[in-house]
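Values in this text are rule-based calculations from the coordinates and carry no lab data. These figures come from a predicted structure and were not determined experimentally. A quick note on method: Cβ atoms are made from the backbone with ideal geometry, for glycine too, and the neighbour counts reach across all protein chains shown.
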Amino acid sequence: MSTTARAASEAAAWAFVGVLLAIGSFFFFGRLSVPIGCFAVIAAALAIVGSVTGCGAVAALVRLRVPGRRLVLGVRRGAAVAVLVAVVVASVSATFTFGPLGSLDSLFAQLGYTVLFAGGPFAVLGAVLGCWVERQLFGFYGA
């Protein structure tokens with residue numbers, strides 16, 4: 001397996017689990033009146049969207065940057081990819097589940113709440129992913 005494929009598949013796995021945990025906590029703490037089966041299907045679909053987004057973003061970053069350079073993914077790029085995953089998942093969710101405010105207002109509201117509540121944890125997990133990829137795949141142990 002190539003280095004690009006390994007880094008992208010690790011990012012896809014992290015994004016899938018991260019999105020599932022975020023949406024699961026929303027269901028658990030939000031006390032929604034949605035049947036668990038419907039919510040599980042929605043959560044799985046959004047996790048797949050997040051997984052594809054993370055995989056594509058990391059694959060593009062690793063391909064564009066030469067592995068001979070000092071950092072290929074790193075802390076900042078990993079955090080940016082994770083926040084990108086959160087924003088894309090919130091955008092897809094807002095596109096298909098707009099509320100009484102309308103589609104555009106619902107999009108801005110969901111994006112705002114996502115960045116406010118999930119942006120920080122996703123950025124930290126993305127930074128950890130960036131360090132992990134650097135250490136495991138490229139042998140660089142710097143920040």
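Things to note:
- Shown in residue order for the stretch 55-61 are the 3J(HN,Hα) couplings computed by the Karplus curve 6.51 cos²θ - 1.76 cosθ + 1.60 at θ = phi - 60°: 4, x, 5, 5, 4, 5, 5 Hz (x for Gly and Pro).
- Sorting the segments 103-114, 49-60 by their mean number of nearby beta carbons within 10 angstrom, highest to lowest, gives 49-60, 103-114.
- Of the trypsin sites (Lys or Arg not before Pro) in the stretch 16-91, those whose Cβ has at most 14 other Cβ within 10 Å and which sit in DSSP loop: ARG31, ARG69, ARG70
- For the stretch 110-125, 3J(HN,Hα) per residue [Karplus equation, 6.51 cos²θ - 1.76 cosθ + 1.60, θ = phi - 60°, Hz, x = Gly/Pro]: 5, 5, x, 5, 5, 5, 5, 9, 9, x, x, x, 5, 5, 5, 5
- Of every Cα-Cα pair in the chain, the percent that sits beyond 26 Å: 27
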